[in-house]
Amino acid sequence: MDTNQYLSVFIDEAREHLQAMNDQLLQLEQSPEDIEIVQIIFRSAHTLKGMSATMGFEDIASLTHEMENVLDLVRNDKLSMSEPIFECLFTGNDALESMVNDIINGGTGSLDVSELIASLNAIVHGDTASAKQEAAAPSADLDEFQYSVLLQTLQAGNQIYHIDVAFRDDCVLKAARSFMVFGILENSGEVVKTTPSVEEIEQEMFDKGFSVYFISDKEASALQNEIMNVSEIESVNVHPLDEEMLQRLHAGSQEAAAAIAEPPAAAEAKAAAVKSQAAGQPAKAKPKPAGAPAASRTIRVDIERLDVLMNLLSELLIDRVRLEQLAREIHRNDLTETVEHMTRVSGDLQNIVLKLRMVQIDTVFNRFPRMIRDIAKSLDKKIDLVITGAETELDRTVIDEIGDPLVHLLRNAVDHGVESRNERLAAGKSEVGTIQLTAFHSGNHVFIEIQDDGQGINRDKVLQTAIRKNVVTQEQADKLADEEVYQLLFASGFSTADQISDISGRGVGLDVVRTKIESLGGQVSVSSNPGQGTKFSVQLPLTLSIIAAMLIRIGEEKYAIPLSSIAETAIVEKSEVRVVHGNPMLNYRGSVIPVIYLDQLLDIPVKSVALSSSMQLIVIQKGDKQAAIVVDEFIGQQEIVLKSLGQYLNNPFAVSGATILGDGQVALILETNALIK
């Protein structure tokens with residue numbers, strides 16, 4: 001039997017089991033005596049082993065079998081959990097995830113896990129010391145974020161090198177020589193990753209030398225010659241990386257890790273040979289029993305089919321609105337009753353289709369506790385990650401894209417937001433830092449906030465860096481408010497880092513974060529209190545294709561405003577509007593809010609000026625900010641289909657899309673957040 005028909009089911013279930021194992025390992029680390037947690041991990045590993053063996057993925061089956069052996073000893077009280085065991089199990093889980101990702105990308109799921117299996121065997125036979133030593137030597141040293149940065153750099157046409165620097169045995173001041181090497185590198189490009197970490201290099205906590213992943217437009221030979229000019233260096237190997245090599249390193253390939261220590265020509269020849277050999281050796285596959293797929297109350301549906309269903313529903317809604325208008329014009333009871341029934345049925349159908357596309361954001365959040373745990377441990381920090389609102393739902397297309405920006409912001413919070421334990425104690429804080437990851441709905445948007453209780457952002461330092469890098473002039477800097485200063489962190493290439501970090505630096509790559517979020521139709525902002533912490537707020541649209549809106553008329557044009565953005569409607573006297581510093585303002589319900597005349601702002605043609613002494617307003621809101629829009633007529637509330645403006649109009653101001661009305665006219669949908677901003 002062909003197992004390909006079960007591949008998608010295997011992938012989905014494997015990812016679920018891996019996530020469950022990861023979550024339970026984190027819980028077990030907090031309660032190492034809880035055998036019930038061990039039982040849950042054991043069952044997930046056992047199920048994954050059986051699935052993998054059936055599908056012919058032998059490396060996955062072998063590794064899960066060895067992990068199962070260790071867990072079996074623990075659950076039978078023959079072995080106690082310890083740090084080396086946790087490290088081996090976490091490393092094993094990472095290796096399993098790499099193999100499953102390889103399968104997702106069309107690979108065979110193969111990976112050299114012999115060292116890891118040896119470590120697990122050592123645990124089973126009681127040699128936890130050697131297990132710890134072997135587990136400390138990972139097959140690859142690139143995490144998800146670093147791999148993403150390097151891959152984007154390669155795809156942009158830039159060059160990446162892996163550089164190995166080895167000192168002579170008689171070198172006395174290795175830290176000083178390392179500092180000189182980094183000085184050369186900083187003048188030639190950007191360091192993304194160091195092994196060992198920068199802190200360990202500064203403290204001479206390494207033996208022969210160190211290695212770096214480096215971005216530069218210089219030739220490899222030129223870099224090698226410059227570094228070799230530093231005294232007491234024995235050798236320098238500058239190895240260019242391509243996408244295939246980078247992917248193999250990220251997947252944990254031992255061959256790729258070994259190849260970067262070879263001369264480039266030899267490495268390329270070896271890679272070609274491996275690729276050629278792999279092409280002639282298809283993955284083994286075993287038949288899957290016919291009764292394997294268990295009966296279930298759920299089915300997995302391709303997202304493209306949901307897109308087609310949504311488009312068909314959108315067309316149905318446009319026709320429904322047209323029928324409602326015709327029914328009002330014809331005044332036939334039987335037609336009116338039929339249209340009302342169609343409205344109720346199509347409304348229920350609409351709600352179901354929209355819910356089908358919504359996914360809880362915990363599918364993104366659930367990978368962060370492990371990431372925070374690993375980073376905090378490497379930095380010798382204690383950090384609690386508090387997650388709130390993980391049940392918040394967001395459109396699937398946004399869920400798939402938001403992970404990387406959140407990873408970047410969280411890594412910044414851990415590395416440079418939260419202080420070291422000694423610094424926190426000296427500042428009168430608890431040695432345990434807190435990062436709050438919160439998601440919640442607000443109107444037609446979802447907000448994700450990342451807040452730390454660290455040292456905050458140094459305003460003066462940001463300004464000095466911005467002036468030095470010609471982001472702003474001194475005259476402009478003197479006029480900037482705090483929030484405007486913090487927004488400078490999102491300028492392209494902006495960085496305030498004092499030293500190279502293998503994890504992150506406050507501001508490094510934040511322009512990439514903003515670009516990604518804005519491509520999803522969202523916004524990102526930052527606020528900070530010195531000594532108290534920093535908060536990044538990400539605002540994302542639900543990206544619903546059908547929304548409830550208020551239709552209005554301004555001049556001769558019709559517009560739609562999402563109901564989620566409207567606080568209320570009102571009629572006020574024109575004499576109540578006052579001009580403050582050239583801006584029309586209105587004293588409304590105890591606060592002063594701006595008045596927006598869209599005919600002036602958007603250059604809407606108006607045939608005549610109304611002679612009435614009063615005017616109609618729509619009060620819109622964004623968080624705690626409000627504004628009043630002057631309208632000529634309220635047409636009424638209606639559910640509308642959100643249509644993209646396509647590539648012909650490039651991000652018009654205050655317009656998020658368009659809709660087709662029942663009479664065939666096109667009405668633009670106003671982006672009220674842009675108006676308030």
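The values are calculated or read from the model by the stated rules, or taken from the named source; none is laboratory data. Values in this document were obtained by computation on a predicted structure and should not be read as measured data. So basically every Cβ, Gly included, is an ideal-geometry build from the backbone, and we count neighbours across all protein chains shown.
Please count how many residues of region 59-98 are closer than 14 Å to Glu33 by Cβ and among the aromatic types (Phe, Trp, Tyr).
Selection size over region 59-98: 1.
Could you grab the pairs with beta carbons closer than 9 Å, sequence gap of 6+ or different chains, first residue in region 100-125 and assigned by TED's automatic domain parsing to the domain that holds Glu58 and without any contact (Cβ under 8 Å) to a residue 60 or more places away in the chain, second one charged (D, E, K, R) and assigned to a loop (DSSP other than H, G, I, E, B)?
Asn121/Asp127
For the condition more than 30 Å from Gly522 (Cβ to Cβ) and free of Cβ contacts under 8 Å to residues at least 12 places away in the same chain, what is the one hit in Arg305, Arg328, Arg320?
Result: Arg328 is the single residue among Arg305, Arg328, Arg320 that is more than 30 Å from Gly522 (Cβ to Cβ) and free of Cβ contacts under 8 Å to residues at least 12 places away in the same chain.
Within region 89-97, identify whether any single residue is closer than 22 Å to Gly50 by Cα and modelled with pLDDT under 85, and answer yes or no.
Checked against the condition, which is being closer than 22 Å to Gly50 by Cα and modelled with pLDDT under 85, region 89-97 yields no hits at all.
Please note which helices (runs of 4 or more DSSP H) are completely contained in region 319-418 and include at least 1 residues that are under 21 Å from Ile303 (Cα atoms), touching a Leu at 6+ places or on another chain (Cβ under 6 Å) and at pLDDT 90 or above.
Working: elements: 333-357, 362-365, 368-378, 396-412.
Correct list: empty, since no element meets the threshold.
Name the residues in region 408-447 that are within 11 Å of Lys381 (Cα to Cα) and in contact with a helix residue (DSSP H, G or I) (Cβ under 6 Å, 6 or more places away or on another chain), would you?
Answer for region 408-447, where residues must be within 11 Å of Lys381 (Cα to Cα) and in contact with a helix residue (DSSP H, G or I) (Cβ under 6 Å, 6 or more places away or on another chain): Val414, Glu431.
Could you list, in sequence order, the residues of region 202-219 that are in a strand (DSSP E or B) and more than 18 Å from Ile233 (Cα to Cα)? Walk me through how you get there before you give the answer.
Within region 202-219, the first condition is being in a strand (DSSP E or B), and the residues that meet it are 209-216.
Answer for region 202-219, where residues must be in a strand (DSSP E or B) and more than 18 Å from Ile233 (Cα to Cα): Tyr213, Phe214, Ile215, Ser216.
Does Thr388 satisfy the criteria of being crowded, with 16+ Cβ neighbours inside 10 Å, touching a residue at least 40 places away in the same chain (Cβ under 8 Å), polar (S, T, N, Q) and not assigned by TED's automatic domain parsing to the domain that holds Val308? Even if it seems obvious, please write down each step before you answer.
Details: crowded, with 16+ Cβ neighbours inside 10 Å: no; touching a residue at least 40 places away in the same chain (Cβ under 8 Å): yes; polar (S, T, N, Q): yes; not assigned by TED's automatic domain parsing to the domain that holds Val308: yes.
No; evaluated as a whole, the condition is false for this residue.
Each row is one residue, and each column tells you yes or no for (1) assigned to a helix (DSSP H, G or I); (2) more than 26 Å from Ile375 (Cβ to Cβ).
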| residue | (1), (2) |
| --- | --- |
| Leu150 | yes, no |
| Ala166 | no, yes |
| Cys171 | no, yes |
| Val181 | yes, no |
| Glu190 | no, no |
| Glu200 | yes, no |
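Look at Ala166 and say whether it is at pLDDT 85 or above, closer than 23 Å to Leu249 by Cα and either in the same structural domain as Val70 (by TED's automatic domain parsing) or touching a Lys or Arg at 6+ places or on another chain (Cβ under 8 Å) (or both).
Considered against the rule, which asks whether it is at pLDDT 85 or above, closer than 23 Å to Leu249 by Cα and either in the same structural domain as Val70 (by TED's automatic domain parsing) or touching a Lys or Arg at 6+ places or on another chain (Cβ under 8 Å) (or both), Ala166 comes out as yes.
Which one of these is among the small types (Gly, Ala, Ser) and within 26 Å of Ala674 (Cα to Cα): Ala439, Ala390, Ala413?
Answer to the selection: Ala439.
Pairs under 9 Å by beta carbon, first residue in a loop (DSSP other than H, G, I, E, B) in region 465-485, partner polar (S, T, N, Q) and exposed (fewer than 15 other Cβ atoms within 10 Å of the Cβ), six or more apart or different chains?
Pairs found: Val471/Ser492.
In region 603-613, is there at least one residue being assigned by TED's automatic domain parsing to the domain that holds Ala667 and outside any loop (DSSP other than H, G, I, E, B)?
No, there is no match, as no residue in region 603-613 is assigned by TED's automatic domain parsing to the domain that holds Ala667 and outside any loop (DSSP other than H, G, I, E, B).
How many residues are surrounded by 15 or more Cβ atoms within 10 Å (Cβ to Cβ) and either small (Gly, Ala, Ser) or outside any strand (DSSP E or B) (or both) when one looks only at region 624-639?
So the count comes out to 3.
Working only within region 7-37, note down all residues that are in contact with a Leu (Cβ under 6 Å, 6 or more places away or on another chain) and farther than 16 Å from Asp94 by Cα.
Ile37
Just checking, which of Arg75, Arg15 is modelled with pLDDT under 90, in contact with a helix residue (DSSP H, G or I) (Cβ under 8 Å, 6 or more places away or on another chain) and closer than 25 Å to Glu244 by Cα?
Arg15
For region 642-666, give me each residue that is in contact with an Asp or Glu (Cβ under 8 Å, 6 or more places away or on another chain) and either more than 24 Å from Ser519 (Cβ to Cβ) or not in a loop (DSSP other than H, G, I, E, B) (or both).
Val655, Ser656, Gly662
Is it true that some residue in region 610-622 is modelled with pLDDT under 90, over 12 Å from Ile561 (Cβ atoms), more than 29 Å from the chain's Cα centre (by Cα) and surrounded by 14 or more Cβ atoms within 10 Å (Cβ to Cβ)?
No, every residue in region 610-622 fails to be modelled with pLDDT under 90, over 12 Å from Ile561 (Cβ atoms), more than 29 Å from the chain's Cα centre (by Cα) and surrounded by 14 or more Cβ atoms within 10 Å (Cβ to Cβ).
Can you name the number of the only condition in (1) modelled with pLDDT of 90 or more; (2) farther than 27 Å from Glu449 by Cβ that Gln532 fails?
Result: Gln532 passes all but (2).
Just to be sure before I move on: is Ser119 under 16 Å from Leu28 (Cβ atoms) and either buried (at least 24 other Cβ atoms within 10 Å of the Cβ) or of a type in the set (S, T, N, Q) (or both) in the structure I sent?
Spelling it out, it is not the case that Ser119 is under 16 Å from Leu28 (Cβ atoms) and either buried (at least 24 other Cβ atoms within 10 Å of the Cβ) or of a type in the set (S, T, N, Q) (or both).
Condition (residue is within 33 Å of the chain's Cα centre (by Cα), modelled with pLDDT of 85 or more and under 24 Å from Gln152 (Cα atoms)) applied to region 197-209: is it met by at least one residue?
Taking every residue of region 197-209 in turn, none turns out to be within 33 Å of the chain's Cα centre (by Cα), modelled with pLDDT of 85 or more and under 24 Å from Gln152 (Cα atoms).
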